[in-house]
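Structure record follows, encoded as structure tokens.
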Amino acid sequence: MPTAIPPDPDPLSLAFAAARRAAAEGEVPVGAAVTRGGSVLAVAHNRPRALNDPTAHAEILAIRAACAAIGDARLIDCDLYVTLEPCPMCAGAISFARIRRLYFAAPDPKGGGVEHGPRVFNQPTCHHAPEVYGGLREAEAAGLLRAFFGSRRR
Ligand SMILES: [Zn+2]
């Protein structure tokens, strides 16, 4: 049976590949990709340990790289794909970057800042909120995190 050809490139798959790379490097497996008009501007994985930088979350690194790629401090008409619900810091950066749409895989009840905790985009102090689509390939993302933290407890 012929399989449907996925959109090329599939940004969430790129984010998942980046998350697996993070796990291979001993980082919490989170990956992110920024796209505009069907082209991928940046892909990044979580790297706080490698960079000795607590802000080096996948979303922050992807936003920085995408801004550098287009030479702008705002990612107008850009979409962000990430394997985990962004934390409050990243949600703030997503707002400042003027990201158009946020797609994320697993919700993060313990550390998320979009649908949990401070719900950054719902605050009156938030001046730009992206459209949010959560729960995509959720089981796959949750499995990745479970495998990572399970293997580290042994
Ligand atoms: Zn974050």
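Numbers for the structure displayed
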{"read-out": "Charge-dipole axis of the chain as Lys and Arg at +1 and Asp and Glu at -1 on Cβ define it, positive-most pick from 122, 40, 56", "value": "56"}
{"read-out": "Cut-off under 5 Å, modelled amide H: who pairs with residue 78 long-range", "value": "100"}
{"read-out": "Dipole magnitude of region 37-146 about its Cα centre (Cβ charges: Lys, Arg +1; Asp, Glu -1), debye to nearest 20", "value": "180"}
{"read-out": "Calculated from backbone phi, Karplus (6.51, -1.76, 1.60) coupling profile of region 134-149 in Hz, x at Gly/Pro", "value": "x, x, 7, 6, 4, 5, 5, 5, 5, x, 4, 5, 4, 4, 5, 6"}
{"read-out": "Gaussian network model of the chain, springs between alpha carbon atoms under 10 Å - residue of 70, 94, 60 with greatest fluctuation", "value": "70"}
{"read-out": "Among 73, 141, 15, residue whose mean-square fluctuation peaks in a GNM of the chain (springs only between Cα atoms under 10 Å)", "value": "73"}
{"read-out": "Dipole axis of region 11-148 (+1 Lys, Arg; -1 Asp, Glu on Cβ), positive-most option in 16, 133, 113", "value": "16"}
{"read-out": "Sites matching GluC sites (Glu not before Pro) across region 1-93 that sit in DSSP coil, with at most 13 neighbouring C-beta atoms within 10 Å", "value": "25"}
{"read-out": "Bridge type composition, the chain - antiparallel percent by DSSP, nearest 5", "value": "60"}
{"read-out": "Region 10-154 shape via C-alpha gyration tensor axes, a/c threshold 1.5", "value": "prolate"}
{"read-out": "Computed [θ] at 222 nm, deg cm²/dmol, the chain (DSSP H ≥ 4; -39,500 (n - 2.57); rounded to nearest 500)", "value": "-11000 deg cm²/dmol"}
{"read-out": "Cleavage-rule hits (chymotrypsin sites (Phe, Trp or Tyr not before Pro)) in region 63-107: DSSP loop, at most 10 neighbouring Cβ within 10 angstrom", "value": "none"}
{"read-out": "Amide proton proximity set for residue 134, modelled H, under 5 Å, gap of 5+", "value": "104"}
{"read-out": "Difference of contour (0.36 nm per residue) and Cα-Cα distance, residue 17 to residue 69", "value": "16.7 nm"}
{"read-out": "Highest-MSF residue in the chain out of 33, 65, 139 [GNM, Cα springs under 10 Å]", "value": "139"}
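Each reported figure results from applying straightforward, stated rules to the coordinates on display, with no laboratory input. Worth saying up front: this structure is predicted, and the values here are computed from it rather than measured. Note that we place each Cβ from the backbone using ideal geometry, even for glycine, and neighbour counts take in every protein chain shown.
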